[in-house]
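Okay, structure first, notes after.
No lab work stands behind these numbers, since they all come straight from the coordinates. Since this is a predicted model, take the numbers as computed values, not measurements. Positions of Cβ are backbone-derived with ideal geometry, glycine not excepted, and every protein chain shown enters the neighbour counts.
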Amino acid sequence: MLIQPNKQWHWVFDSNKGVMTLELGPNMLFVSKLCKKRCVQHAQEDSPFTAEHTQLYYQFLEQLESFNWSDPIKVQICLNAVASAQFLKPLMPQSWFFKSIATSSQNLLELGSLAVLQTEHSQTRCVVVEVSEQTYTLMAIEAGMVLDERKTLNQFEAIKVMQDRVASLSQLLQDQNGFAQTG
């Protein structure tokens with residue numbers, strides 16, 4: 001069962017744990033993966049879960065409908081994505097970790113779109129939590145991806161990259177299905 005946002009939800013920064021939390025009601029607390037060093041300053045003030053947050057929640061949720069993941073996993077992804085979209089500090093691009101994606105037509109992704117980042121050795125699925133003219137900020141929705149000998153992209157961690165490093169998950173799946181049918 002998917003939980004539905006309501007007017008009682010509100011954001012609270014847990015200074016003891018150093019993370020953003022979302023109070024969902026009496027005795028219900030969602031603990032995000034967004035830590036203090038990655039939060040904008042105003043994130044440390046209690047704030048309501050607004051209509052904008054609700055819209056983002058459903059926008060992210062809609063993108064996950066086709067996956068056979070459990071409802072609690074989908075909710076966890078969506079709430080972490082909303083937290084990142086609303087409270088993440090601006091990041092510097094770190095595109096050098098990822099392969100450039102050669103596509104016949106560079107489709108611009110929208111907020112909430114599912115995407116794939118690829119290194120030389122692996123790939124991970126992500127959700128777009130911010131769009132700018134030349135970059136995307138993505139939140140990893142899968143377990144850690146090794147970027148180099150010192151850095152890992154952990155589940156629910158955000159990274160900013162140039163748009164040419166990001167493949168649309170739907171386009172990638174279409175290309176693979178087309179290749180499988182013609183190959």
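Among the listed pairs 7/36; 37/99; 99/151; 7/37; 37/160, which have their C-alpha atoms separated by more than 18 angstrom in this model?
Listed pairs above 18 Å: 7/36; 37/99; 7/37.
For a quick check, take a GNM of the chain with Cα springs below 10 Å and name the residue from 72, 26, 90 with the largest mean-square fluctuation.
Top of the fluctuation ranking is 26.
What percent does the relative contact order of the chain come to when contacts are Cα pairs within less than 8 Å and at least six residues apart?
17 percent.
Within the chain, what's the longest run with no trypsin sites (Lys or Arg not before Pro) in a DSSP loop and at most 12 other beta-carbon atoms within 10 Å? Give the range, please. Can you show the working numbers first?
Details: sites that count: 7, 17, 150, 151.
Longest site-free region, per DSSP loop and neighbour criteria: 18-149.
Loop-only check: which chymotrypsin sites (Phe, Trp or Tyr not before Pro) in the stretch 15-97 are DSSP coil with at most 16 other Cβ within 10 angstrom?
In loop regions of the stretch 15-97 (DSSP not H, G, I, E or B), the sparsely surrounded chymotrypsin sites (Phe, Trp or Tyr not before Pro) are 67, 69.
Each label point is 7 Å from the Cα along the Cα-to-Cβ direction; what then is the distance between the points at residue 10 and residue 154, in nm?
2.9
With a Förster radius of 22 Å, plug the Cβ-Cβ distance of residue 35 and residue 131 into 1/(1 + (r/R0)^6) and report the FRET value to the nearest 0.05.
On the way: r = 23 Å, r/R0 = 1.05.
That gives a FRET efficiency of 0.40.
For the chain, modelled as a GNM with alpha-carbon contacts under 10 angstrom, which of 14, 46, 148 fluctuates the most?
148
Along each of the three principal axes of the Cα atoms of the chain, give the extent in whole Å, ordering the values from largest to smallest.
That works out to 56, 36, 29 Å along the principal axes.
With the calculation restricted to Cα positions, what are the radius of gyration and Dmax of the stretch 113-155 in angstrom?
10.7, 31
State the dimensionless ratio Rg/Rh of the stretch 10-87 (Rg: radius of gyration of Cα atoms; Rh: Kirkwood radius). List each step's numbers first, then the result.
Numbers: Rg = 12.5 Å, Rh = 12.9 Å.
We get a ratio of 0.97 for the stretch 10-87.
Once you treat every alpha carbon in the stretch 58-164 as an equal point and sum by Debye, what is log10 I(q)/I(0) at q = 0.11, 0.15, 0.16 Å⁻¹?
Listed by q, the Debye log ratios stand at -0.32, -0.60, -0.69.
Is it possible to state the helix-based mean residue ellipticity at 222 nm for the chain, with each DSSP H run of 4+ residues giving -39500 (n - 2.57), the sum divided by total residues, to the nearest 500 deg cm²/dmol? What is it?
-8000 deg cm²/dmol
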